[in-house]
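To start, the structure under review is shown below, and the notes come after it.
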Amino acid sequence: MAAPLTRLWLRAERNVQQVDPLGPLIHAAAMQLALRCLAAAHPTAIFRGFHDDVVVVAEPTELSAVLRTAVVAGAAVDAELAPAMCIGWSPAGAPTPAGWPARWSTAGVIQFSVPVGTVAFMASAVDGLAEEQARLVAAIIALPPAELQSQLLLLRLCAGPRPNYWLPALPLEWGARLAGAVDRAAQGAVRRLLTRGCQDKYPISGATVIANKTTTSDIILPEQLGILTLWRPGHPIGGLFFFNGQSWTNIL
């Protein structure tokens, strides 16, 4: 005869999710029950959940009822709805629904950490993140000259964590806008690094040199790169020298 099944219970209090390895699984299991209750009570609405973020797509007139149901469903799994953390938005510009206890936006919302909204809302969000990326690149450029290899490696990683997360998630038009800003910042930084210390003696447009291999002035790239390049006024590239640790060798 089989022994009776013994159930083991883990006591969990609030605010333990960050340090408890089982916390995310327990939280997901509880949220799944709450979302099923919401879906059963509002079959015409669409529910999407990711950890503690839940998105509801429904008619504005139904949203207030959805929140009331969420209060009851959440309490059943020891989850508390925070109306101050909720926000609603209507792409059609609908006004705030009657009895709506949370915030209501006429421009857009942040959905799963990615902006969704009007053209002005999206432009502000994307351009703001592009400026944040530019500040990150400026901080990389500000590192000491001895850190050149580290600077090039950091720039090779391209975007910071937030732009990297946004790029595949944004609508194509806005993803292209952000990608262009990220590329321009990185390209400008590389040009500055490759001509640092040479601008006074060799004023030049790095883009012209790299693209056409001709220029109106001489330029020498920093020796830290291990490569020395020299252009002559009005002529194609004059020499490409590699430093082997002891001497320079023309490899052209």
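A quick yes/no check of all residues on (1) among the aromatic types (Phe, Trp, Tyr); (2) closer than 18 Å to Phe112 by Cβ; (3) touching a strand residue (DSSP E or B) at 6+ places or on another chain (Cβ under 9 Å); (4) without any contact (Cβ under 8 Å) to a residue 40 or more places away in the chain:
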position	(1), (2), (3), (4)
Pro24	no, yes, no, yes
Ala29	no, no, no, yes
Ala40	no, no, no, yes
Asp52	no, yes, no, yes
Val71	no, no, no, yes
Glu80	no, no, no, yes
Cys86	no, yes, yes, yes
Ser90	no, no, yes, yes
Gly93	no, no, no, yes
### Task
Only one of these is of a type outside the set (Gly, Ala, Ser) and either closer than 30 Å to Leu67 by Cβ or surrounded by fewer than 14 Cβ atoms within 10 Å (Cβ to Cβ) (or both): Leu193, Leu172. Name it.
Leu172
### Message
So for segment 118-127 (the condition being among the β-branched types (Val, Ile, Thr), part of a helix (DSSP H, G or I), surrounded by 13 or more Cβ atoms within 10 Å (Cβ to Cβ) and in contact with a helix residue (DSSP H, G or I) (Cβ under 9 Å, 6 or more places away or on another chain)), does at least one residue qualify?
### Response
yes
### Query
So Pro115 clears everything in (1) more than 19 Å from Arg48 (Cα to Cα); (2) part of a strand (DSSP E or B) except one condition, right? Which one?
(1)
### Query
Going through segment 112-131 one residue at a time, which ones are under 13 Å from the mean Cα position of the chain (by Cα) and either closer than 18 Å to Leu172 by Cβ or among the hydroxyl-bearing types (Ser, Thr, Tyr) (or both)?
Phe112, Ser113, Val114, Pro115, Ala125, Val126, Asp127, Leu129, Ala130
### Task
Could you check, for segment 75-92, whether at least one of its residues is touching a Phe, Trp or Tyr at 6+ places or on another chain (Cβ under 9 Å) and aliphatic (A, V, I, L, M)?
yes
### Task
Among the residues of segment 142-166, write down those that are surrounded by fewer than 17 Cβ atoms within 10 Å (Cβ to Cβ) and among the aliphatic types (A, V, I, L, M).
Ala142, Leu143, Ala146, Leu152, Leu153, Leu157
### Task
Tell me which residues, restricted to segment 91-107, are at pLDDT 90 or above and of a type in the set (S, T, N, Q).
Thr96, Ser105
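Filtering segment 183-202 down to residues that are within 30 Å of the chain's Cα centre (by Cα) and not in a helix (DSSP H, G or I), which residue is modelled with the highest pLDDT? Can you show your working first?
Here is the first cut: in segment 183-202, the ones within 30 Å of the chain's Cα centre (by Cα) are 183-196.
Okay, now just the ones that are also not in a helix (DSSP H, G or I), so 195-196.
Numbers: Thr195: 67, Arg196: 64.
Step by step, filter segment 183-202, then rank; the result is Thr195.
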### Task
List every residue pair whose Cβ atoms lie under 6 Å apart, where the two residues are 6 or more positions apart in sequence or sit on different chains, the first residue falls within segment 98-110 and is farther than 23 Å from Pro171 by Cα, and the second residue, located anywhere, is among the hydrophobic types (A, V, I, L, M, F, W, C) and in a strand (DSSP E or B).
Arg103/Ile87
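The values are calculated or read from the model by the stated rules, or taken from the named source; none is laboratory data. Note that the structure is a prediction, hence the values are computed from the model and not measured. Every residue, glycine among them, receives a Cβ derived from its backbone with ideal geometry; neighbour counts consider all protein chains shown.
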